[in-house]
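Derivation of every value follows stated rules applied to the coordinates shown; laboratory data play no part. Just so you know, these numbers come straight off a predicted model, no measurement behind them. Using ideal geometry, Cβ is built from the backbone for each residue, glycine included, and neighbour counts are taken over all protein chains shown.
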Amino acid sequence: MASFLKRYRQRLENRHGWDVPLVCTQCGHDGLPRSEGWTPSASVRFGDRPTIFNDVFCENCGKPLKEEAGTALAAMFSSQPVDTRNRRLLWDMIGLLLVVPAVFLGLIWFGVWHGFWGAWAFSLFGLLGFVFAPVSMWLNYRIHAVRHECPCGQPAYLFMGLLGRASCYRCSSCGRLLKLRD
């Protein structure tokens, strides 16, 4: 169980980075920026305005290039559709967390109202939580597994930032762009 939880945590972690050339507006240097890690932020932009968490600086003069990275991210990912497997898994998760309990609760209520079961039947609804925990954890694992599978066979996806509510990734091995919703 400990190894599964370790793999689960690793699957959910993002590998941050930036491997797309940017043009510095100060010195005109055109090339890969210097990436100095990432900074978590609570200020997330919505719409078509990107949110960049990477700390990227010009290799030549040291100017911060977050705005330039945001412009590049929007240009690369604005026309990119959300992956279909990701969309299907999200709908499965919504169905599991909303529709199934509502139908189950409706059946219990209908059975109690017509005398099929006693009032103790509502305690069965509480037992549904024991089923939901592992199943929702498995679905969450599958949602994040999409970015660990690439047609090139060597997935090395870097988290580049957010565009609206979608997470933007780029494979360092083949350059494939991937847009996901978590």
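What is the list of residues in segment 55-99 whose amide nitrogen lies under 16 Å from a point 7 angstrom out from the Cα of Arg181, following Cα to Cβ? Correct set: 78-99.
Work the Kirkwood hydrodynamic radius out for the chain: mean of 1/r over every pair of different alpha-carbon atoms, inverted, in Å.
Hydrodynamic radius (Kirkwood, Cα pairs) of the chain is 19.2 Å.
If I fit a long axis through the Cα atoms of helix 2-12 and take the longest principal axis of the Cα atoms of the chain, what angle between them do I get, 0 to 90°, rounded to 10? Orientation of helix 2-12: about 50 degrees from the principal axis. Taking label points 7 Å from Cα along the Cα-to-Cβ direction, Arg88 and His148 give a separation of 2.0 nm. Computed over segment 35-182, relative contact order equals 28 percent, with contacts defined as Cα pairs under 8 Å that lie 6+ residues apart. Working ranking of peptides 126-139, 88-101 by packing, defined as the average number of other Cβ atoms within 10 Å per residue, highest first, is 88-101, 126-139.
Using C-alpha pairs under 8 Å with a sequence gap of at least 6, the mean separation divided by the residue count of segment 84-148 gives a relative contact order of 50 percent.
The angle separating the long axis of helix 66-77 from the principal Cα axis of greatest extent in the chain is about 60 degrees. For the chain, the longest principal axis of the Cα atoms and the long axis of helix 100-113 meet at an angle of about 20 degrees.
Across all C-alpha atoms in segment 84-148, the radius of gyration and Dmax reach 15.3, 51 Å.
Under the convention that each Lys and Arg Cβ holds +1 and each Asp and Glu Cβ holds -1, the size of the dipole of the chain around its Cα centre is about 380 debye.
Label-to-label distance for Gln10 and Cys174 is 2.2 nm, based on points extended 7 Å past Cα in the beta-carbon direction. Applying 1/(1 + (r/R0)^6) with R0 = 45 Å to the Cβ-Cβ distance of Val100 and Arg34 gives a FRET efficiency near 0.40.
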